[in-house]
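Below you'll find the structure, written out as structure tokens, and then a few comments.
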Amino acid sequence: MDPRAGVTPSIRNFAHAIDRQRQALERIPVLDAQRADLEETARALDEAEAAALAVAAGDDLGRFAAASRAISIPLLRADVLAEEFRIYESRAAGADAILLRASAVPQELLTRLVRAATSTHMAACVACANADEVARAAAARAPVLAVEPALLHLPVPPRTLVLALSFAPAVRGRADAALDHTLVDAASFRRALSEEDN
């Protein structure tokens, strides 16, 4: 059976949501699909004007899909994927972006995985640990590079967005967005915004 069967393109643009030309840093809350109040928390973060949301789905794509239906902002599946059918299942569950790791697969497969995400209008965020992996992600035409804060000095190809895999004050001005595991609900997100403003 074709893994693309019944998969509709994403209409929520993750790359656009985080692209502020580094004028501001989008802090993206990261939630676990296992939390009991996932849908309510996702909806509250959407109402608090988070630019996007990340959810680690694990094997629970049903709860991931429910969270996706509850929000209007783009949703990143925060699990590292390495198989093409996982990209299509993620999109079928409502993902607008997926996470790949440059070191996890051969170049040809990385290119195919990025292309599969792009074909469904999802953003492929490719995690890189060194300059060689950045070059591999660039060759695969990844729209978003994902790196640890300590690696933000690596040169990035033009027109490529940068997602820090964790938040630290030093990522401001050097990344477009950061995954932030401390933003566990709307209250913590609003607190973080008010601290940014002060």
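The values are calculated or read from the model by the stated rules, or taken from the named source; none is laboratory data. It should be emphasised that the depicted structure is a prediction, and the values quoted were computed from it without experimental measurement. Cβ placement follows ideal geometry from the backbone for every residue including glycine, while neighbour counts extend to all protein chains displayed. Calculation scope for accessible area: heavy atoms of the full protein, side chains included, ligands and nucleic acids excluded. Shrake-Rupley method; radii C 1.70, N 1.55, O 1.52, S 1.80 Å.
Annotations
- Filter result for Arg136 (in contact with a helix residue (DSSP H, G or I) (Cβ under 6 Å, 6 or more places away or on another chain) and either part of a helix (DSSP H, G or I) or crowded, with 18+ Cβ neighbours inside 10 Å (or both)): yes
- Boolean, Asp79 is surrounded by 17 or more Cβ atoms within 10 Å (Cβ to Cβ) and free of Cβ contacts under 8 Å to residues at least 24 places away in the same chain: yes
- Among residues of segment 143-178, those that are in contact (Cβ under 8 Å) with a residue 40 or more places away in the chain and open to solvent by 10 Å² or more (accessible area, probe 1.4 Å), counted: 6
- Of everything in segment 36-63 that is of a type in the set (Asp, Glu) and within 17 Å of the chain's Cα centre (by Cα), the residue that is surrounded by the most Cβ atoms within 10 Å (Cβ to Cβ) is Asp46.
- Filtered residues of segment 60-84 (kept if outside any helix (DSSP H, G or I), of a type outside the set (Ser, Thr, Tyr) and under 25 Å from Leu145 (Cα atoms)): Ile71, Ile73, Pro74, Leu75, Leu76, Arg77, Ala78, Asp79, Val80, Leu81, Ala82, Glu83
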